[in-house]
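Novice: The structure follows.
Every read-out reported here was derived from the displayed coordinates using simple, explicitly stated rules and does not represent laboratory data. Just so it is clear, the structure is predicted and the values come from calculations on it, not from any experiment. FYI the Cβ positions are ideal-geometry reconstructions off the backbone, even for glycines, and counts take in every protein chain you see.
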Amino acid sequence: MKIIMLGAPGAGKGTQAKKIAAKYEIPHISTGDIFRANIKNGTELGKKAKTYMDQGLLVPDELVVDLVVDRVQQEDCKNGYVLDGFPRTIPQAESLDAALEKLGEKIDYAVNVEVPDENIINRMGGRRACVGCGATYHVVYNPTKVEGVCDACGEKLILRDDDKPETVQKRLTVYHDQTQPLIDYYKKSGVLRDVDGTVDMDDVFAAIVDILGA
Ligand code: ADP
Ligand code: ADP
Ligand code: ZN
């Protein structure tokens, strides 16, 4: 099963993608996580990506498309995958479709997690990310057992630089301009499925399982 997660920054794509990956035993591929790992390791790609990410802008298509197209052809992707944070522009979606077509494959579902902008600012301010394993929490909606410490690996939690309110506002504008058009794109190809992202995370997941099949 090949799945794309759509939705504004903070809609809960990562949260749901992790649950999907665990239940259906397919890899979770997050381009944001890939860039953050590259930044942490000081790679050339990381250095280039960081200048855009810090401003709340998208990394240019040419830095992300080949990376994802290569990733989805790896052995662990043969039974499918869940893409989180990619595609984010129409050209990215077209490049992915073209690459999949060459392989005789296609996307099965584009799950669109709907959350209004008003809720997003709140969510991002409370999001905490683990510096060790990348796990994501929320100070109110999904707290850790010990404040500031990752349940999964024991490392400390941080507020991502790009989750500060000024940058979140910019990322929302970028989302509406560049990423939201993908909703129509996938509606036209018949794979779009909308879910209400404002309800409790377990209820969002239940709605997704209804779509994907138990
Ligand atoms: P969020 O989880 O809030 O939606 P991500 O972790 O997916 O954010 O992405 C963080 C940043 O990484 C984005 O703001 C953007 O700068 C960059 N990025 C991630 N994926 C892409 C992509 N497919 N195209 C361009 N930039 C990307
Ligand atoms: P995205 O990957 O779309 O940027 P995340 O999955 O990282 O979004 O979620 C953003 C923040 O909101 C995180 O702190 C997460 O714990 C929290 N969150 C996710 N889903 C929900 C939900 N249904 N209700 C409340 N908070 C949520
Ligand atoms: Zn951790």
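Novice: I need a count of the residues in region 61-73 that are aliphatic (A, V, I, L, M), near ligand 1 (Cβ under 10 Å from one of its atoms) and under 22 Å from Lys2 (Cβ atoms). Before you say what the answer is, go through the steps one by one.
Specialist: Kept after step one, since they are aliphatic (A, V, I, L, M), are these residues of region 61-73: 63-65, 67-69, 72.
Still in the list and also near ligand 1 (Cβ under 10 Å from one of its atoms): 63-65, 67-68.
Applying the additional criterion that residues be under 22 Å from Lys2 (Cβ atoms) yields 64-65, 67-68.
The total comes to 4.
Novice: Select from region 17-38 the residues that are assigned to a helix (DSSP H, G or I), over 9 Å from the mean Cα position of the chain (by Cα) and of a type outside the set (Val, Ile, Thr) and list them in ascending order. If you could, list the steps in order and put the result at the bottom.
Specialist: Step one: of region 17-38, the residues assigned to a helix (DSSP H, G or I) are 17-24, 31-38.
So of that shortlist, the ones also over 9 Å from the mean Cα position of the chain (by Cα) come out as 18-24, 34-38.
Selection gives Lys18, Lys19, Ala21, Ala22, Lys23, Tyr24, Phe35, Arg36, Ala37, Asn38.
Novice: When you go through (1) over 20 Å from the mean Cα position of the chain (by Cα); (2) in a strand (DSSP E or B) one by one for Thr144, which number turns out not to apply?
Specialist: Result: Thr144 fails condition (2) only.
Novice: Can you find a residue that is part of a loop (DSSP other than H, G, I, E, B), free of Cβ contacts under 8 Å to residues at least 24 places away in the same chain and closer than 27 Å to Val149 by Cβ anywhere in region 39-48? I'd like the intermediate steps shown before the answer.
Specialist: Step one: of region 39-48, the residues part of a loop (DSSP other than H, G, I, E, B) are 41-43.
Subsequent filtering for residues that are free of Cβ contacts under 8 Å to residues at least 24 places away in the same chain retains 41-43.
Imposing the further condition that a residue be closer than 27 Å to Val149 by Cβ reduces the set to 41-42.
Yes, because at least one residue in region 39-48 is part of a loop (DSSP other than H, G, I, E, B), free of Cβ contacts under 8 Å to residues at least 24 places away in the same chain and closer than 27 Å to Val149 by Cβ.
Novice: Counting just the residues of region 171-200 that are of a type in the set (A, V, I, L, M, F, W, C) and assigned to a helix (DSSP H, G or I), which one comes out nearest to Ala8 (Cα to Cα)? First the steps, then the outcome.
Specialist: Initially, region 171-200 is screened for residues of a type in the set (A, V, I, L, M, F, W, C), giving 172, 174, 182-183, 191-192, 195, 199.
Add one more test, that the residue is assigned to a helix (DSSP H, G or I), and what stays is 172, 174, 182-183.
Working: Leu172: 7, Val174: 10, Leu182: 12, Ile183: 11 Å.
If we take residues in region 171-200 being of a type in the set (A, V, I, L, M, F, W, C) and assigned to a helix (DSSP H, G or I), then Leu172 is nearest to Ala8 (Cα to Cα).
Novice: Identify the residue in region 13-60 that is among the small types (Gly, Ala, Ser), in contact with a strand residue (DSSP E or B) (Cβ under 8 Å, 6 or more places away or on another chain) and near ligand 1 (Cβ under 9 Å from one of its atoms) and, among all such residues, is farthest from Asp70 (Cα to Cα).
Specialist: In the first step, residues of region 13-60 are kept if they are among the small types (Gly, Ala, Ser); the result is 14, 17, 21-22, 30, 32, 37, 42, 46, 49, 56.
Still in the running and in contact with a strand residue (DSSP E or B) (Cβ under 8 Å, 6 or more places away or on another chain): 14, 17, 21, 30, 32.
Restricting the remaining residues to those that are near ligand 1 (Cβ under 9 Å from one of its atoms) gives 14, 30, 32.
On the way: Gly14: 21, Ser30: 14, Gly32: 16 Å.
Step by step, filter region 13-60, then rank; the result is Gly14.
Novice: Those residues that are surrounded by fewer than 18 Cβ atoms within 10 Å (Cβ to Cβ), touching a helix residue (DSSP H, G or I) at 6+ places or on another chain (Cβ under 9 Å) and of a type in the set (S, T, N, Q), I need them from region 20-77; list them, please.
Specialist: Correct list: Thr43, Gln55, Gln73.
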